[in-house]
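The values are calculated or read from the model by the stated rules, or taken from the named source; none is laboratory data. From a predicted model like this one, the values you see are computed outputs, not experimental measurements. All Cβ positions, glycine included, derive from the backbone under ideal geometry; neighbour counts span all protein chains shown.
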Amino acid sequence: MRILLVEDDRDVAEYVGRSLEEEGNKITFCFDGAAALRAAESARFDIIVLDVMLPALDGLEVTRRLRAAAIDTPILLLTARDAAQDIVRGLDAGADDYLTKPFSFGVLLARLRARTRIGTPSVRSKLRVCDLSMELETHEVWRAGRTITLTRTEFAILECLMKSAGRVVTRQRLIETVWGHERDVGNNNLDVFIRFLRAKIDAPGQRRIIQTVRGIGYTLRDEEVSAP
């Protein structure tokens with residue numbers, strides 16, 4: 001993978017970068033937000049590993065500017081803050097995932113693989129449930145003719161739900177499908193992404209089709225679900 005690694009702690013950057021290179025990846029280093037923004041705008045990367053606390057521009061602002069410029073490269077935020085509101089701010093800025101410090105290198109590798117694997121085209125290119133449509137190859141989503149912009153993680157969750165429309169998808173299956181078996185993602189992480197997805201799919205005035213089955217998981221259907 002071609003990875004843009006943005007970390008102002010040069011010791012951390014050197015360790016992570018060297019380890020990633022040993023795995024066969026090509027690394028471009030940046031040590032502040034302004035340099036990261038220039039690099040991401042001028043070259044193509046498979047993923048950006050972006051520290052939140054940076055000089056010049058912080059990671060959240062870099063993320064916002066890249067998304068405003070229609071640069072959809074997956075972004076994995078590195079943050080020392082694990083409070084829910086901090087995580088939500090990062091995802092709301094347009095990041096695809098986050099990893100809290102300190103982290104194991106194995107977990108970082110697994111998350112990078114998961115984020116880049118999501119974009120692999122499927123044999124079946126179009127999905128439709130009720131008035132919700134998805135184009136897998138172009139990552140386009142519409143509901144009732146309205147275009148919906150999703151992050152890669154949101155898209156992957158919705159794809160899993162649409163492929164199992166009418167059936168309940170367990171939390172564990174969603175986590176394994178989107179993040180893989182090597183990730184340390186829990187139910188709270190999944191709930192954050194579901195909340196963001198619902199805000200975009202189930203807009204005010206529309207029928208709720210992303211539904212919770214208490215104690216089990218989620219389902220996509222055009223009718224109310226009775227809790228067990």
Matching residues in segment 88-100 (surrounded by fewer than 19 Cβ atoms within 10 Å (Cβ to Cβ) and in contact with a Pro (Cβ under 8 Å, 6 or more places away or on another chain)) number 0
Requested in this report: Would you check if E137 is modelled with pLDDT of 90 or more and either at positive phi or not assigned by TED's automatic domain parsing to the domain that holds P74 (or both)?
Outcome: no
With respect to I27, is the statement that it is outside any helix (DSSP H, G or I) and surrounded by fewer than 20 Cβ atoms within 10 Å (Cβ to Cβ) true?
yes
The residue from D46, D58 that alone is charged (D, E, K, R) and within 30 Å of L220 (Cβ to Cβ) is D46
* Has segment 179-189 got at least one residue that is at pLDDT 85 or above and either in the same structural domain as D92 (by TED's automatic domain parsing) or under 30 Å from F105 (Cα atoms) (or both)? -> no
All-but-one check, Q85 against (1) modelled with pLDDT under 90; (2) outside any loop (DSSP other than H, G, I, E, B); (3) surrounded by 14 or more Cβ atoms within 10 Å (Cβ to Cβ), failing number (3)
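From the list A95, A110, exactly one residue is assigned by TED's automatic domain parsing to the domain that holds A13, within 30 Å of V16 (Cα to Cα) and modelled with pLDDT of 85 or more. Which is it?
A95
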Those residues of segment 36-73 which are under 14 Å from the mean Cα position of the chain (by Cα) and surrounded by fewer than 22 Cβ atoms within 10 Å (Cβ to Cβ) amount to D46, R67, D72, T73
| task | Inspect segment 197-212 for any residue being crowded, with 16+ Cβ neighbours inside 10 Å, among the aliphatic types (A, V, I, L, M), closer than 26 Å to T100 by Cβ and out of contact with any strand residue (DSSP E or B) (no Cβ under 9 Å at 6 or more places or on another chain) and give the result as yes or no. | result | no
Residue pairs within 7 Å by beta carbon, gap of at least six or interchain, first lying in segment 1-21 and without any contact (Cβ under 8 Å) to a residue 60 or more places away in the chain and of a type in the set (K, R), second surrounded by fewer than 21 Cβ atoms within 10 Å (Cβ to Cβ) and part of a strand (DSSP E or B), listed first then second, are R2/K26
Next on the checklist: Please verify whether L20 is modelled with pLDDT of 85 or more, not assigned by TED's automatic domain parsing to the domain that holds E154 and not in a helix (DSSP H, G or I), treating the condition exactly as stated.
Outcome noted: no
